[in-house]
Amino acid sequence: MTRTEVHLRAAEFFAGIGLVRLGLERQGWSVVFANDLDPQKKRMYEANFGDEHWNPKDVHTLEPDEVPDCDLFTASFPCNDLSIAGAWRGLN
C-alpha cells in the first residue's frame, strides 16, 4: 500500500486557526475533528476549512463518543499573547 492509499485520520484539540490541519493535509492526512473555544479563531478556521468537523466545547466537557477514532491526536499549545490565556494582549 502506498502512502496515498493510506487514509490517516487526525483530531486536533486547541485547533486555533488550523495551522496544524494545514500541515497535516499537505501530507495526505484527513482532519476529522477540530476543537477550540475561541469564536474568533472558529471564524478564521471555518473560512479556510468549513465547520463540518468543528466542536466548540471545552475539552474538559467532551465525552469520549464525541471524538471520532483517529490515528493521530494533536493538541496545540496556547499562543499566550494571542489567546484567552494571555488576555489577547497581542505581540507587543
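The values are calculated or read from the model by the stated rules, or taken from the named source; none is laboratory data. Predicted, not measured: the structure shown is a model, and the values here were computed from it. Positions of Cβ are generated from backbone atoms using ideal geometry, with glycine treated the same way; all protein chains shown enter the neighbour counts.
Worth a mention:
Condition check ((1) within 12 Å of the chain's Cα centre (by Cα); (2) of a type outside the set (S, T, N, Q); (3) more than 19 Å from Arg9 (Cα to Cα)) across all residues:
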| residue | (1), (2), (3) |
| --- | --- |
| Phe33 | yes, yes, no |
| Leu37 | yes, yes, yes |
| Tyr45 | yes, yes, no |
| Asp51 | yes, yes, no |
| Asn55 | yes, no, no |
| Thr61 | no, no, yes |
| Asp65 | no, yes, no |
| Leu72 | yes, yes, no |
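- Unmet requirement for His7, which otherwise passes all of (1) outside any loop (DSSP other than H, G, I, E, B); (2) without any contact (Cβ under 8 Å) to a residue 24 or more places away in the chain: (1)
- Qualifying residue in segment 58-66 (condition: surrounded by 13 or more Cβ atoms within 10 Å (Cβ to Cβ), at pLDDT 90 or above and under 22 Å from His7 (Cβ atoms)): no
- Sole residue being surrounded by 12 or more Cβ atoms within 10 Å (Cβ to Cβ), touching a residue at least 40 places away in the same chain (Cβ under 8 Å), at positive phi and not in a helix (DSSP H, G or I), chosen from Gly28, Gly16: Gly16
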